[in-house]
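The values are calculated or read from the model by the stated rules, or taken from the named source; none is laboratory data. Just so it is clear, the model here is predicted, and its values are computed rather than measured. A quick note on method: Cβ atoms are made from the backbone with ideal geometry, for glycine too, and the neighbour counts reach across all protein chains shown. SASA here: full protein model, heavy atoms, side chains in, ligands and nucleic acids out. Shrake-Rupley method; radii C 1.70, N 1.55, O 1.52, S 1.80 Å.
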Amino acid sequence: MEKKKLVLVGNGMAGVRAIEEVLNISKELFEITIFGSEPHPNYNRILLSKVLQGDTDVKDITLNDFDWYKENNIQLQTKETVIKIDSGKKLVVTDLGRMEPYDELILATGSVPFILPIPGADKDGVTAFRDIQDTEVMLEASKNYKKAAVIGGGLLGLEAARGLLNLGMEVTVIHLAPYLMERQLDPTAGKLLQTELEKQGMAFLLEKQTKEIFGADRVEGLRFSDGTELEADLVIMAVGIKPNVEMAKQSGITVNRGIVVNDYLQTNVPDIYAVGECAEHNGIPYGLVAPLYEQGKVLAKYICGVETNPYQGSVLSTQLKVSGVEVFSAGDFMEEEDKKAIKVFDDQENIYKKMVLRGNKLVGAVLFGDSSDGNRLFSMIQKQADISDTMKVSILQPLGQETGGSLVAAMDDEEIICGCNGVSKGAIIQAIQQKGCSSVDEIKACTSASRSCGGCKPLVAEVLQLTLGSTFDGSVQKEAICTCTTLSRDEVVEEIRAKGLTHIKEVMNVLGWSTEEGCSKCRPALNYYLGMVNPTEYEDERESRFVNERMHANIQKDGTYSVVPRMYGGVTNSQDLRRIADVVDKFEIPLVKLTGGQRIDLLGVKKEDLPKVWKDLDMPSGFAYGKSLRTVKTCVGEQFCRFGTQDSMGLGIDLEKKFEGLQTPHKVKMAVSACPRSCAESGFKDIGFIGIDGGWEIYIGGNGGTHVRGGDLLYKVKTAEEAMEITSAYLQYYRESANYLERTSAWIERVGLEHVRSVLDDQEKRKELSTRMEEALSVLKDPWKEIVEDEKVKKELFESLVMS
Ligand SMILES: Cc1cc2nc3c(=O)[nH]c(=O)nc-3n(C[C@H](O)[C@H](O)[C@H](O)COP(=O)(O)OP(=O)(O)OC[C@H]3O[C@@H](n4cnc5c(N)ncnc54)[C@H](O)[C@@H]3O)c2cc1C
Ligand SMILES: NC(=O)c1ccc[n+]([C@@H]2O[C@H](COP(=O)([O-])OP(=O)(O)OC[C@H]3O[C@@H](n4cnc5c(N)ncnc54)[C@H](O)[C@@H]3O)[C@@H](O)[C@H]2O)c1
Ligand code: SF4
Ligand code: FES
């Protein structure tokens, strides 16, 4: 049988998924040609948010690479835009002048970002957030500019804002409505979300209408309708999208907001179909992948001549992809005359749950703070589940108590695990039992679950665990250190030790990295692991360090640096203070500030002045920029305070002198207080000491930052020497077993206090740890002094005009 010609316009998520569905049915029916305006093969647009947030890389979001097209005999024309359809002659015309005949034509042209029609919207530094190119523009801009304004506090705007914060920018979100994500949330959840994001460092201007973007060539700021202004050197427009229909419209296809389609995705023109964000079904153009994939399934069956149910529209559910925030919304989430809400608000835990009922039917839900019940509620909404009065409130209680806390165990087989791809628990179990899948990646390949936003991965892993029991190889679920490798941190460290690897490049080569140069996640991590394993031999790779560590000073908003000299135990003297004062005058340092760690911060130092400032100060670096020991805060203790029972300053100074400059997975802060009043805040440090009658209490895993955590009491010891010895072993164990960039507070939560105690209780192990610590300490040098004495480094790093 001669194959029919199937042409797809739009190489995006919905169109190519429809083609995959066609190929699943038969590879013999069609000769397929795909046109795509972008230069890339089919990629996961959803993960652009994760690329911007630094969780993955552009090269790792490809869904189907160029080989896939070849293997399936698909003609792919990238960087080629279809500009016209001649439905009479049944061909499409491209911007390169090609005329491609079709028997069946699918339009999947997606959406275009809505750009506010205001003066200045075309200035340099104003961008949408839709594709790889936009993402690259933002990544690049963040290297040279500092102030970002995101217009639009919807899903896209907030995910972009989080990404820009991660890139070190100052971010203000400008939103039209009185609360965030008003299209997905009610005012309570919207306000809770705002508070949480403010804690993360985002600023908000609500109920603001942008009137103008001003600046010379590049944007310099925004002007609002109330006359106020905001400075900005990067502006992201995230105010919604509109279906990309222009070409279809001009070719005579019926278009409303989107390309109008019926229940089989047919347009008004025979043999022309539309799918994805460009299509409008029953008056709705959808903007999330789940409905688009449902459409693709129906369309594929229809054009392959396989019997199918009609597409009847979709109920939507959304989840915000911002780490540290759980927000879920589904269905009809606002209460009205005929819809009543049941709400639970845990003010202490900041958890808000709401379900909306029409009569006894669940029609919508909003969850904030804990979205683990999202899938279950979404399944009930989809099924229009009829619920009795007694069930109403219990639905908002955590499920799974009777199944040992496992939410997944308590789910029915037909309940959806992967919302994006509509994959049920039963379908995953079937893939495990009948197709032999035994890892999340295999489930992804078999069922598509976790292939889109990836948010369902933990649930997929739980289904695997429940189904395979003890035969489930948990290590397959290990977290790779980055997307350049499938190896976890423990595997990489083990290989470094076993194979005696000594260079970053060598690790990448020998362990089969997928990239030649690695990425911003793995390079600093490998640099740390290599140094930790081979302290005396490894030569630190400056280029693999984050900018502050490379420059040995903290870069500030305006491109100047801050300099914090070491002040052991927060104790200083007149000579040091005099020298600091002289340096401040000589280099015209604009701000001198006392830090929370009891030292002096010189802010606003010019890059080229750094080595001269360090030379004149003649004090050791305080490592305020480093993944290393920061400060040892002390109270005045027994020498001066009438409550003091111990020499807190003495122990603090000894600790700081011993461990200064030590490289650790993340920063480490210590504090020593001489009595339980704990004036030095010892309970909120990575290691804290509290003087008691006859000795010291040692607390570990405390944190006073974004995730506040009180320290756990590790030991009570009698002498300062014992305290030093335990600190040494404890810190070394943290160095050897934590993930790079894992604070002690997170590490303790992960490995458990009992585990750490059991390691340190073992005298043999403790001794070995202390010995390895001594080895690590034996090679430390003061970096400021080294640079001051090294003309070459001084020139390269501090006298070049280009910012490194
Ligand atoms: C940053 C970001 C995060 C997102 N996060 C989520 C999420 O978490 N969950 C979710 O469900 N959805 C999310 N979305 C939305 C989701 O990505 C879209 O719904 C989905 O990509 C739409 O698929 P599509 O194929 O219809 O359009 P697209 O993926 O946009 O594909 C259309 C393609 O067609 C090409 N094209 C257009 N016209 C022509 C022409 N005439 N000739 C040739 N080629 C043409 C375009 O260049 C484009 O490559 C997100 C979107 C963005 C931008
Ligand atoms: N996690 C996810 O599911 C996810 C993530 C990103 C994007 N997306 C999808 O991508 C598409 C685009 O997202 P979006 O957030 O741009 O669309 P959206 O329509 O959901 O939100 C746009 C927001 O911009 C606000 N807005 C409109 N005009 C404004 C103005 N002049 N000034 C300030 N604010 C204004 C609106 O009030 C609205 O809340 C949507 O379809 C969305 O569903 C989804
Ligand atoms: S912690 Fe105790 S000893 Fe130290 S300053 Fe406070 S009250 Fe005095
Ligand atoms: S829920 Fe998005 S990939 Fe499964």
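Listed by first and then second residue, the pairs with beta-carbon distance under 6 Å, at least 6 apart or on different chains, first residue in the range 655-680 and assigned by TED's automatic domain parsing to the domain that holds SER737 and of a type in the set (Asp, Glu), second more than 10 Å from ligand 3 (Cβ to nearest atom) and open to solvent by 10 Å² or more (accessible area, probe 1.4 Å), are GLU656/TYR568.
Residue-by-condition table, conditions (1) part of a loop (DSSP other than H, G, I, E, B); (2) under 30 Å from LYS199 (Cα atoms):
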| site | (1), (2) |
| --- | --- |
| GLU307 | yes, no |
| ALA341 | no, yes |
| VAL344 | no, yes |
| VAL363 | no, no |
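When restricted to residues that are open to solvent by 20 Å² or more (accessible area, probe 1.4 Å) and either closer than 17 Å to LEU230 by Cα or not in a helix (DSSP H, G or I) (or both), the range 123-153 contains 8. Among the residues making up the range 99-122, a single one is free of Cβ contacts under 8 Å to residues at least 60 places away in the same chain and assigned to a strand (DSSP E or B): MET99.
Looking only at residues in the range 302-342 that are charged (D, E, K, R) and over 29 Å from the mean Cα position of the chain (by Cα), the one that is nearest to GLN200 (Cα to Cα) is GLU335. Taking the conditions (1) open to solvent by 20 Å² or more (accessible area, probe 1.4 Å); (2) within 34 Å of the chain's Cα centre (by Cα); (3) modelled with pLDDT of 90 or more in turn, ILE748 satisfies each one other than (1).
So, of the residues in the range 643-656 that are among the aliphatic types (A, V, I, L, M) and surrounded by 21 or more Cβ atoms within 10 Å (Cβ to Cβ), which turns out to be farthest from ligand 1 (Cβ to nearest atom)?
Start the filter on the range 643-656 by keeping residues that are among the aliphatic types (A, V, I, L, M), which leaves 649, 651, 653, 655.
Still in the running and surrounded by 21 or more Cβ atoms within 10 Å (Cβ to Cβ): 649, 651, 655.
On the way: MET649: 52, LEU651: 51, LEU655: 46 Å.
Checked the range 643-656; the qualifying residue farthest from ligand 1 (Cβ to nearest atom) is MET649.
I want to confirm something. Restricting to the range 289-304 and keeping residues that are without any contact (Cβ under 8 Å) to a residue 40 or more places away in the chain and either of a type outside the set (Ser, Thr, Tyr) or within 19 Å of ARG130 (Cβ to Cβ) (or both), which single residue is surrounded by the fewest Cβ atoms within 10 Å (Cβ to Cβ)? Working first, answer last.
Keep residues of the range 289-304 that are without any contact (Cβ under 8 Å) to a residue 40 or more places away in the chain, which gives 291, 298, 302.
Within this subset, residues satisfying the condition of being either of a type outside the set (Ser, Thr, Tyr) or within 19 Å of ARG130 (Cβ to Cβ) (or both) are 291, 298.
On the way: PRO291: 23, VAL298: 20.
Ranking the candidates gives VAL298 first.
Quick grid of which residues meet (1) surrounded by fewer than 24 Cβ atoms within 10 Å (Cβ to Cβ); (2) part of a helix (DSSP H, G or I); (3) more than 16 Å from ligand 1 (Cβ to nearest atom):
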| site | (1), (2), (3) |
| --- | --- |
| LEU629 | no, no, yes |
| CYS641 | yes, no, yes |
| LYS658 | yes, yes, yes |
| GLY661 | yes, no, yes |
| ALA671 | no, no, yes |
| SER678 | yes, no, yes |
| GLY691 | no, no, yes |
| GLU697 | yes, no, yes |
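Scanning the range 317-361 for residues that are open to solvent by less than 60 Å² (accessible area, probe 1.4 Å), under 21 Å from VAL289 (Cα atoms) and hydroxyl-bearing (Ser, Thr, Tyr) yields SER317, THR318, SER329.
Among the helices (runs of 4 or more DSSP H) confined to the range 457-550, the ones with at least 1 residues that are within 28 Å of LEU731 (Cα to Cα) and more than 20 Å from the chain's Cα centre (by Cα) are located at 489-499, 504-510, 522-533.
Let's see how each residue does on (1) in contact with a Leu (Cβ under 8 Å, 6 or more places away or on another chain); (2) farther than 23 Å from ALA409 by Cα; (3) open to solvent by less than 70 Å² (accessible area, probe 1.4 Å); (4) more than 16 Å from ligand 2 (Cβ to nearest atom):
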residue	(1), (2), (3), (4)
ALA449	no, no, yes, yes
LYS457	no, no, no, no
LEU487	yes, yes, yes, yes
GLU491	no, yes, yes, yes
THR515	no, yes, yes, yes
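Taken over the range 202-227, residues that are out of contact with any Lys or Arg (no Cβ under 8 Å at 6 or more places or on another chain) and part of a loop (DSSP other than H, G, I, E, B) amount to 7. Residues that are over 11 Å from LEU459 (Cβ atoms) and either crowded, with 22+ Cβ neighbours inside 10 Å or within 16 Å of ligand 3 (Cβ to nearest atom) (or both) within the range 414-426 comprise CYS420, ASN421, listed in sequence order. Annotation note: Cβ proximity below 8 Å between a residue of the range 539-555 that is more than 18 Å from LYS792 (Cβ to Cβ) and a residue that is hydrophobic (A, V, I, L, M, F, W, C) and open to solvent by 70 Å² or more (accessible area, probe 1.4 Å) (sequence gap 6+ or interchain) occurs for no pair.
Filtering the range 517-572 to residues that are among the β-branched types (Val, Ile, Thr), open to solvent by 40 Å² or more (accessible area, probe 1.4 Å) and modelled with pLDDT under 95 leaves THR536, VAL547, ILE555. For the range 309-339, filtering for residues that are on the phi > 0 side of the Ramachandran plot and in a loop (DSSP other than H, G, I, E, B) leaves 2.
Please tell me if GLN53 is on the phi < 0 side of the Ramachandran plot, in contact with a helix residue (DSSP H, G or I) (Cβ under 9 Å, 6 or more places away or on another chain) and surrounded by fewer than 16 Cβ atoms within 10 Å (Cβ to Cβ). Explain how you work it out, then say what you get.
Details: on the phi < 0 side of the Ramachandran plot: yes; in contact with a helix residue (DSSP H, G or I) (Cβ under 9 Å, 6 or more places away or on another chain): yes; surrounded by fewer than 16 Cβ atoms within 10 Å (Cβ to Cβ): no.
No, not satisfied.
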